[in-house]
4 protein chains.
Amino acid sequence: MNKEKPTAVLLLSCPDTRGIVAEVSRYIFENNGNIIHSDQHTDRETSTYFMRIEWELDGFRVPRGGIAASFDSIARMFKMNWSLHFSDCRPKIAVFVSKTDHCLYDLLLRIKSGELAADVVTVIANHEDLKTVADYFSIPFRCLPSDPANKSADEALTAGLMDEMGIDLIVLARYMQIIGEGLVGKYKNRIINIHHSFLPAFVGAKPYHQAYSRGVKIIGATSHYVTAELDQGPIIAQDVAQVSHRDSVEDLIRKGKNLEKNVLSRAVQLHLENKIVVFGNKTVIFD
Amino acid sequence: MNKEKPTAVLLLSCPDTRGIVAEVSRYIFENNGNIIHSDQHTDRETSTYFMRIEWELDGFRVPRGGIAASFDSIARMFKMNWSLHFSDCRPKIAVFVSKTDHCLYDLLLRIKSGELAADVVTVIANHEDLKTVADYFSIPFRCLPSDPANKSADEALTAGLMDEMGIDLIVLARYMQIIGEGLVGKYKNRIINIHHSFLPAFVGAKPYHQAYSRGVKIIGATSHYVTAELDQGPIIAQDVAQVSHRDSVEDLIRKGKNLEKNVLSRAVQLHLENKIVVFGNKTVIFD
Amino acid sequence: MNKEKPTAVLLLSCPDTRGIVAEVSRYIFENNGNIIHSDQHTDRETSTYFMRIEWELDGFRVPRGGIAASFDSIARMFKMNWSLHFSDCRPKIAVFVSKTDHCLYDLLLRIKSGELAADVVTVIANHEDLKTVADYFSIPFRCLPSDPANKSADEALTAGLMDEMGIDLIVLARYMQIIGEGLVGKYKNRIINIHHSFLPAFVGAKPYHQAYSRGVKIIGATSHYVTAELDQGPIIAQDVAQVSHRDSVEDLIRKGKNLEKNVLSRAVQLHLENKIVVFGNKTVIFD
Amino acid sequence: MNKEKPTAVLLLSCPDTRGIVAEVSRYIFENNGNIIHSDQHTDRETSTYFMRIEWELDGFRVPRGGIAASFDSIARMFKMNWSLHFSDCRPKIAVFVSKTDHCLYDLLLRIKSGELAADVVTVIANHEDLKTVADYFSIPFRCLPSDPANKSADEALTAGLMDEMGIDLIVLARYMQIIGEGLVGKYKNRIINIHHSFLPAFVGAKPYHQAYSRGVKIIGATSHYVTAELDQGPIIAQDVAQVSHRDSVEDLIRKGKNLEKNVLSRAVQLHLENKIVVFGNKTVIFD
């Protein structure tokens, strides 16, 4: 976390074979890079290799803009899926909300305190309720009421806005609308949702009511990337809290809010620190 | 837990109305009982009142054998479902197992150490594997191979055995057979199962494999009373553990074993200490 | 939590003897009160009895203002320490802060959302930094710089302010000054502090640095009532989080902030719901 | 964890500098090794680099016996502290006990089930009580009553025994004696103790009684390597459990036993899987 000096982060996955670490670390060393983190994982079932490697840009002989090009031959040699990130870039976030404010406040306060290194450049809502929150943090607020009759036009408008503002990450902070497939496809693994339940339990609406009816002793919250299939995207983070027969549905909702805030901000942080690799419908979390 | 002196425990539920505590506590006080625990709960949705009250038998003017009769008029006045228990009775337990030994060992060691106040009087199995475990603890072991063609006869045999031995509680310690409806009906709220998953997630077979495939970050275990509907009985206790992409299915199974032991023994302890009231498909746990 | 109707709460402790529940519940029943919660505890070591009993005021024959007087004879019979509370009273809170804002925000947002039923009527600080936060929530902010040379005068000023505003509860939300004995004596069991460590570990300054140096794998936070002896008051709530060698001191501080917020708000909630009885240097928490 | 094929594990620490990963991975690659795990950590304060790298022996061109010699030049180049381990070696463990059996049972059952890959070759005790446990698992039991008047002779005897049996790891499973400095020095970072408290809290005797007196809401257990200074060695693993005013000292002890078992076995497992590097008084845990 003490990133005094800017670093480069390489996230990659490829078929497992001998020599990947050797070749990647040789590339960095020969260009005078100082590796400060290196983590890897091999999925045995699919023989897939995953790596996250981070090195200081200071003293690195390849200029920042040339790294991708110079690394490309290695990437091709090992048939890598890969992405390159720089720790001093502040991604632009659009937060989508409805009427519930706890996740929005939580994200904005963590950004304000420097805990999350990003900028929220817009709050998009389907209700006007949370405008005052956005105002307090001096963030442009845009209310885009969703019109069932006009869904594809609405989506196109939203997608256009995202483009215009150069949004890197969309965070659904208890946004009670389904994101259209167009936007999901365009922002693959870049839309983070908080589901107020311990997935895969209680898929769908009113999970706290379902939890209450079932008489569970533990409730949970799940943060995941959004895919076309509702609540089925790759899970990033989960947390749970104990409940008892004394807890009403309202108590579950209250306890759930704490979970939702913590789990969503944890997921956003992992994404911002480039610690997540998605493969299939799962995540590798290099924390 | 420091039950130096024998106590009586009354567990009851009834329609909520004024005067229940007053009447029950008056009954105990007027008979010179010293209440050492009293706990209650009101379910607002159904207006149902629940109570657990425990008092010392020492000095109580009604002899142990007469308490039920003398309390009966109060119980009828409030239309109570109720049961009476004595802390110095050691219930007789039958533990049902298949091939997996961790829950069996855990239960037997906790009984041996005095942590659970009950006697396991038989270990019933559908395989011979765990006979040596039962032998070590000097507990009669009985292998009743289940024959799909002869299910009702097998069940009748088992039910007869339970009768003969005066079994109070059946604990399914990773018993991989479905208990027949006859036995379930007879031992209503007296058969405790450990489900190796965080119910309601992953109902059914191989939950750790399902958890692995879904890429969850937390796994769980659930202990519940057995009802006719598979895995749908009232939940008594649950616990969870964190997992990551580094955990193979085998790791999940290993971590799950710790959960299963702890959750099952917790549920058995709550039952033995007469701290559970079942209502509908839920439990009130007075702990 | 679903307090649609106003209730009375009686918190009491007294020497353990027969008949307390019977007498208290008779009092409520004969005055037509409907008990909705009743919880008790007996401390065996000291033979002390504790009780929390809550009943609906609706239909209760004794008017609110007369309950204390009418209960007094029972209280004297059993030599009770007792207090009476009404669920629809909103206590007045003074929050004391220094420069750190996360606990202040957390408390104010939970009050705003209705999760905590109280009013923060002033924010007292020894620095100007958090004035903007108080302003956003429209709460009077008062900076009282502490002058070591003038301690007793400062304390008298603060105590006077608390009086004037009719403060019921003081919450130290990461306030980095020691509260004077005068104020501590006056607000006995009504000043709640958050200590950023798992008491009794790491008493004193910079606990996260100490935790880092010791190489612990878990950090904690502790909320307690303030007594004359620093960090030694009755513990109300604690929570912990896992850490590893990868966590820098800054990471511990960040993880600790989550703990501090959750633990402090939990303690304040328990206090506001009149669920805490202090005895000696410990608490009985009726949750 | 699915170690079908034998692997080599290199654990190392050295002053941080450029090129370490590159050089180590080149060494493995050029000898046709297939890296299956590689993890590293840099301690910024002390500029120390830590690495754990694991590769399959199958196909590796350097024979097992020659690896150390062939790696030596790299190790010297970077001034490494290092150790080499093979996954198919089963370390020999001596378990030291007094009268309490829960940790002993837990370790032996986990070894029996294959969860821990090691052999307990002796149980050393200062009381006869647990002989029957050792007998059940067919492990030689040796009672070495400690004689305060004869401490150094006793220690020499114990050290001699450890030598004779080729003990790799000593596990103190609630052994209530202090290990002599001679043995501590000889088995540096190879003696694991379970402390029944959340270190650094409650150092010394009867921690559960201390926790009870202090009225804590959470108790813990800590596993650490034994050093000359009592309870001050590098912490390997910790865990906690919630307690309340309802818990007597006996309840704390019971809950603590669960913690102790889980934490001790976790620490032993991490050691056996060669996932711990000690530096100064702290541990790096590559899990």
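When you look at D:ILE36, is it at pLDDT 95 or above and either assigned by TED's automatic domain parsing to the domain that holds D:VAL278 or at negative phi (or both), yes or no?
The answer is no for D:ILE36.
Yes or no: B:VAL216 at the interface with chain A (Cβ under 10 Å from one of its Cβ atoms), touching a strand residue (DSSP E or B) at 6+ places or on another chain (Cβ under 7 Å) and modelled with pLDDT of 85 or more? Spell out how you get there, then give the answer.
Working: at the interface with chain A (Cβ under 10 Å from one of its Cβ atoms): yes; touching a strand residue (DSSP E or B) at 6+ places or on another chain (Cβ under 7 Å): yes; modelled with pLDDT of 85 or more: yes.
Against the criterion (at the interface with chain A (Cβ under 10 Å from one of its Cβ atoms), touching a strand residue (DSSP E or B) at 6+ places or on another chain (Cβ under 7 Å) and modelled with pLDDT of 85 or more), B:VAL216 qualifies.
What is the number of the single condition among (1) within 12 Å of chain C (Cβ to nearest Cβ); (2) closer than 21 Å to D:PRO148 by Cα that D:LEU199 does not meet?
(2)
If you go through region A:204-239, how many residues are assigned to a strand (DSSP E or B), among the hydrophobic types (A, V, I, L, M, F, W, C) and crowded, with 23+ Cβ neighbours inside 10 Å? Walk me through it before giving the result.
Here is the first cut: in region A:204-239, the ones assigned to a strand (DSSP E or B) are A:218-225, A:235-239.
Filter again for among the hydrophobic types (A, V, I, L, M, F, W, C), leaving A:218-219, A:221, A:235-237.
If we keep only those that are crowded, with 23+ Cβ neighbours inside 10 Å too, we end up with A:219, A:221, A:235-237.
Total meeting the criteria: 5.
Please give the number of the condition C:ARG266 fails out of (1) part of a helix (DSSP H, G or I); (2) basic (Lys, Arg); (3) within 30 Å of D:GLN40 (Cβ to Cβ); (4) out of contact with any helix residue (DSSP H, G or I) (no Cβ under 9 Å at 6 or more places or on another chain).
Status for C:ARG266: all satisfied but (3).
Search region D:2-20 for residues being in contact (Cβ under 8 Å) with a residue 60 or more places away in the chain and more than 19 Å from D:ASP72 (Cβ to Cβ), and hand back the single one that is farthest from the other protein chains (Cβ to nearest Cβ).
D:PRO6
Does D:ASP287 meet the test of being within 24 Å of D:LEU84 (Cβ to Cβ) and assigned to a loop (DSSP other than H, G, I, E, B)? Spell out how you get there, then give the answer.
Details: within 24 Å of D:LEU84 (Cβ to Cβ): yes; assigned to a loop (DSSP other than H, G, I, E, B): yes.
Judged against the criteria, D:ASP287 is a match.
From the list C:ASN193, C:ASN189, pick out the single residue that is part of a strand (DSSP E or B), of a type in the set (S, T, N, Q) and at pLDDT 95 or above.
On inspection, the qualifying residue turns out to be C:ASN193.
Mind checking whether some residue in region A:81-91 is more than 29 Å from C:HIS245 (Cβ to Cβ) and of a type in the set (Phe, Trp, Tyr)?
no
So C:SER113 ticks every box in (1) more than 30 Å from C:ARG142 (Cα to Cα); (2) at pLDDT below 95 but one. Which box is left unticked?
With (1) more than 30 Å from C:ARG142 (Cα to Cα); (2) at pLDDT below 95 applied to C:SER113, the lone miss is (1).
Restricting the search to region C:21-52, which residues are buried (at least 21 other Cβ atoms within 10 Å of the Cβ), β-branched (Val, Ile, Thr) and more than 8 Å from every other protein chain (Cβ to nearest Cβ)?
Of everything in region C:21-52, just one residue is buried (at least 21 other Cβ atoms within 10 Å of the Cβ), β-branched (Val, Ile, Thr) and more than 8 Å from every other protein chain (Cβ to nearest Cβ), namely C:VAL24.
Taking C:TYR225, is it closer than 29 Å to D:ALA221 by Cβ, assigned by TED's automatic domain parsing to the domain that holds C:THR100, aromatic (Phe, Trp, Tyr) and over 17 Å from the mean Cα position of the chain (by Cα)? Steps first, please.
Values: closer than 29 Å to D:ALA221 by Cβ: yes; assigned by TED's automatic domain parsing to the domain that holds C:THR100: yes; aromatic (Phe, Trp, Tyr): yes; over 17 Å from the mean Cα position of the chain (by Cα): no.
No: the conditions fail for C:TYR225.
Between D:PRO207, D:PRO200, which is touching a His at 6+ places or on another chain (Cβ under 6 Å) and under 30 Å from C:GLY220 (Cβ atoms)?
D:PRO207 is the lone residue from the list that is touching a His at 6+ places or on another chain (Cβ under 6 Å) and under 30 Å from C:GLY220 (Cβ atoms).
Quickly run through region D:278-287 and pick out the residues that are at the interface with chain C (Cβ under 9 Å from one of its Cβ atoms) and of a type in the set (A, V, I, L, M).
D:VAL284, D:ILE285
Could you list, in sequence order, the residues of region B:80-99 that are β-branched (Val, Ile, Thr) and out of contact with any Phe, Trp or Tyr (no Cβ under 9 Å at 6 or more places or on another chain)?
Passing the criteria: only B:ILE93.
What about D:ILE194, is it of a type in the set (A, V, I, L, M) and closer than 30 Å to D:ASP163 by Cβ?
Yes: the conditions hold for D:ILE194.
Of everything in region D:2-34, what is under 20 Å from A:ASP16 (Cα atoms) and part of a strand (DSSP E or B)? Give them in sequence order.
Answer for region D:2-34, where residues must be under 20 Å from A:ASP16 (Cα atoms) and part of a strand (DSSP E or B): D:THR7, D:ALA8, D:VAL9, D:ASN34.
Residue by residue, here is whether (1) in contact with an Asp or Glu (Cβ under 9 Å, 6 or more places away or on another chain); (2) at the interface with chain D (Cβ under 10 Å from one of its Cβ atoms) holds:
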site: C:ILE170; (1), (2): no, no
site: C:ILE179; (1), (2): yes, no
site: C:LEU183; (1), (2): yes, no
site: C:ARG190; (1), (2): yes, no
site: C:GLN210; (1), (2): no, yes
site: C:ALA221; (1), (2): yes, no
site: C:HIS224; (1), (2): yes, yes
site: C:HIS245; (1), (2): yes, yes
site: C:GLY256; (1), (2): no, no
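Would you be able to say whether some residue in region A:192-203 is surrounded by fewer than 21 Cβ atoms within 10 Å (Cβ to Cβ) and touching a Pro at 6+ places or on another chain (Cβ under 8 Å)?
No: region A:192-203 contains no residue that is surrounded by fewer than 21 Cβ atoms within 10 Å (Cβ to Cβ) and touching a Pro at 6+ places or on another chain (Cβ under 8 Å).
Would a scan of region D:98-105 turn up a residue that is closer than 22 Å to D:GLU260 by Cα and away from chain B (no Cβ under 13 Å)?
Looking through region D:98-105, at least one residue is closer than 22 Å to D:GLU260 by Cα and away from chain B (no Cβ under 13 Å).
Please go through (1) touching a strand residue (DSSP E or B) at 6+ places or on another chain (Cβ under 7 Å); (2) within 15 Å of C:PRO15 (Cα to Cα); (3) surrounded by fewer than 20 Cβ atoms within 10 Å (Cβ to Cβ) for C:ARG64 and return the number of the only condition it doesn't satisfy.
(2)
Would you mind listing the strands (runs of 3 or more DSSP E) fully within region D:60-179 where at least 2 residues are under 19 Å from the mean Cα position of the chain (by Cα) and either in contact (Cβ under 8 Å) with a residue 24 or more places away in the chain or over 27 Å from D:ARG266 (Cα atoms) (or both)?
Filter on region D:60-179 gives D:81-86, D:92-97, D:119-125, D:169-172.
Do the conditions hold for D:VAL263, that is, is it out of contact with any Lys or Arg (no Cβ under 6 Å at 6 or more places or on another chain), under 20 Å from D:ASN274 (Cβ atoms), within 11 Å of chain C (Cβ to nearest Cβ) and surrounded by 22 or more Cβ atoms within 10 Å (Cβ to Cβ)?
The answer is yes for D:VAL263.
Within region D:253-287, how many residues are over 10 Å from the mean Cα position of the chain (by Cα), small (Gly, Ala, Ser) and closer than 25 Å to D:TYR208 by Cβ?
Of the residues in that region, 1 qualify.
The values are calculated or read from the model by the stated rules, or taken from the named source; none is laboratory data. Bear in mind the structure is a predicted one, so any value in this text is a computation, not a measurement. Neighbour counts are summed over all protein chains in view; Cβ atoms, including those assigned to glycine, are modelled from backbone coordinates with ideal geometry.
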